[in-house]
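Participant: One structure, as structure tokens, below. Some questions next.
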Amino acid sequence: MATVSAPKQVSVKEDAEALRKACQGWGTDEKAIIAVLGRRNAAQRRQIRHVYEEIYQEDLIKRLESELSGHFEKAVYRWILDPPDRDAVLANVELKKSGNKHHVIVEISCTKNPEELLAIRRAYHARYKRSLEEEVAYHTKGDTRRLLVALVSAFRYYGEEINTTLAKSEAKKLHEAIKDKKFGNEDVIRILGTRSIAQLQATFNCYREQEGTSITKNLPKDSSDEYIAMLRMAVRCLKDPKKYFEKVLRRSIEGIGTDEDALTRVIVTRAEKDLKEIKELYHKRNNVPLDKAVDKETSGDYKDMLLTLLGNEV
């Protein structure tokens, strides 16, 4: 369930006027911006952007970018975008970075339904004049390229029907590939890149029944091999996305320093989906409410924005 509870009836004209007022004068009224945008759903935010531009003849997103800064600006920018456009931006930012981490590509490929993933690919194409698949192929190589292109190109069946015989057969194929350390096996990539979520869940369950342990426990941990790291992440996302995102949040907060990019990404992208369940899981696993952890590890308007998206009054 979502943590953002938007009112059913809002005046987008009044919201646009409030945002205009917040950006005028000597200083920016960040709290007013949070009060409006932090409590509106995607459809309402889209209407606000359109009405704002009609009234004031300027792009609201560009105005906010010029008024805000730091992690707060990034959180607001990510939040105000339409979800498919936001994911397209997140993917592009990640692909342009040097290094071999492709968390966003795996997350959007393995935790979105087929229509959502298709919308992200269309948004990427419209914004950057290149296909997401093309970009992923350009920025990766070897088995990592094969896996990520397969995942991001998928249009999975989204129903609940499963084939138990197929699940048993493919669980055995996955086990044999892992046992023989043939992680880049064609069957591994084919199964993860084409099967429905329901079918994969059945396959993972059969794997556990056959081998007495979960598939994630049989995959190497903390591997320096880029492909194995991406493979493990894909399996975790496909197997239990809420558990996966809880771990991303935990790792973003624990230890020395806070990974604001990961923290912002999960809260912003899951706030209208399943962040309530992720919060509950975080509390259960860490014996501290996520809200309290965020309050401790962040500050200022950035903290207020995140806490608002987590369902708090600030």
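Participant: So if I check each of Lys21, Lys8, Lys13, Lys74, which one is open to solvent by 70 Å² or more (accessible area, probe 1.4 Å) and under 26 Å from the mean Cα position of the chain (by Cα)? First the steps, then the outcome.
Facilitator: Details: Lys21 fails: under 26 Å from the mean Cα position of the chain (by Cα); Lys13 fails: under 26 Å from the mean Cα position of the chain (by Cα); Lys74 fails: open to solvent by 70 Å² or more (accessible area, probe 1.4 Å).
Lys8 is the lone residue from the list that is open to solvent by 70 Å² or more (accessible area, probe 1.4 Å) and under 26 Å from the mean Cα position of the chain (by Cα).
Participant: Considering (1) under 23 Å from the mean Cα position of the chain (by Cα); (2) on the phi > 0 side of the Ramachandran plot, say which one Gln57 fails and leave the rest.
Facilitator: (1)
Participant: Is it the case that His103 is open to solvent by 10 Å² or more (accessible area, probe 1.4 Å), farther than 30 Å from Ala202 by Cα and outside the structural domain of Ala198 (by the TED database)? I'd like the intermediate steps shown before the answer.
Facilitator: Numbers: open to solvent by 10 Å² or more (accessible area, probe 1.4 Å): yes; farther than 30 Å from Ala202 by Cα: no; outside the structural domain of Ala198 (by the TED database): yes.
So His103 does not fit the description; no.
Participant: Does Thr213 meet the test of being more than 26 Å from Ala154 (Cα to Cα), within 20 Å of the chain's Cα centre (by Cα) and outside any helix (DSSP H, G or I)? Show your work before the answer.
Facilitator: Numbers: more than 26 Å from Ala154 (Cα to Cα): yes; within 20 Å of the chain's Cα centre (by Cα): no; outside any helix (DSSP H, G or I): yes.
Spelling it out, it is not the case that Thr213 is more than 26 Å from Ala154 (Cα to Cα), within 20 Å of the chain's Cα centre (by Cα) and outside any helix (DSSP H, G or I).
Participant: I've got another one for you. Scan (1) open to solvent by less than 30 Å² (accessible area, probe 1.4 Å); (2) assigned by the TED database to the domain that holds Ala88; (3) within 30 Å of Ala42 (Cβ to Cβ); (4) not acidic (Asp, Glu) for the single condition Arg127 breaks and write down its number.
Facilitator: (1)
Participant: Please go through the stretch 171-186 and give me each residue that is open to solvent by 50 Å² or more (accessible area, probe 1.4 Å), closer than 21 Å to Leu148 by Cα and in a helix (DSSP H, G or I), ordered by number.
Facilitator: Lys173, Glu186
Participant: Report the residue count in the stretch 149-199 for those that are touching a Pro at 6+ places or on another chain (Cβ under 6 Å) and either at pLDDT below 95 or among the hydroxyl-bearing types (Ser, Thr, Tyr) (or both). Quick ask: steps written out before the conclusion?
Facilitator: Quick first cut of the stretch 149-199, residues touching a Pro at 6+ places or on another chain (Cβ under 6 Å) only: 155-156, 158.
Filter once more, keeping what is either at pLDDT below 95 or among the hydroxyl-bearing types (Ser, Thr, Tyr) (or both): 158.
Selection size over the stretch 149-199: 1.
Participant: Here is a further query. For the subset of the stretch 97-119 comprising residues that are out of contact with any helix residue (DSSP H, G or I) (no Cβ under 8 Å at 6 or more places or on another chain) and among the charged types (D, E, K, R), which member is farthest from Asp225 (Cα to Cα)?
Facilitator: Once the filter is applied, the top-ranked residue is Glu115.
Participant: Please state which of the following conditions Pro220 fails to meet, knowing it meets all the rest: (1) touching a Phe, Trp or Tyr at 6+ places or on another chain (Cβ under 9 Å); (2) open to solvent by less than 40 Å² (accessible area, probe 1.4 Å); (3) not in a helix (DSSP H, G or I).
Facilitator: Here Pro220 clears every test but (2).
Participant: When you look at Ala75, is it in contact (Cβ under 8 Å) with a residue 40 or more places away in the chain, in a helix (DSSP H, G or I), closer than 26 Å to Lys303 by Cβ and of a type outside the set (D, E, K, R), yes or no?
Facilitator: The answer is yes for Ala75.
Participant: Determine whether Ala271 is modelled with pLDDT of 95 or more, closer than 18 Å to Gly311 by Cβ and either of a type in the set (Gly, Ala, Ser) or in contact with a strand residue (DSSP E or B) (Cβ under 8 Å, 6 or more places away or on another chain) (or both).
Facilitator: yes
Participant: Right, next: Can you list the helices (runs of 4 or more DSSP H) lying wholly within the stretch 237-294 that have 2 or more residues being open to solvent by 10 Å² or more (accessible area, probe 1.4 Å) and farther than 29 Å from Val152 by Cα?
Facilitator: Details: elements: 241-253, 260-270, 275-286.
Passing ranges, in order: 275-286.
The values are calculated or read from the model by the stated rules, or taken from the named source; none is laboratory data. From a predicted model like this one, the values you see are computed outputs, not experimental measurements. Virtual Cβ from ideal backbone geometry, glycine too; neighbours counted across all protein chains shown. Keep in mind that these areas ignore ligands, DNA and RNA; they rest on the heavy atoms of the full protein, side chains included. Shrake-Rupley method; radii C 1.70, N 1.55, O 1.52, S 1.80 Å.
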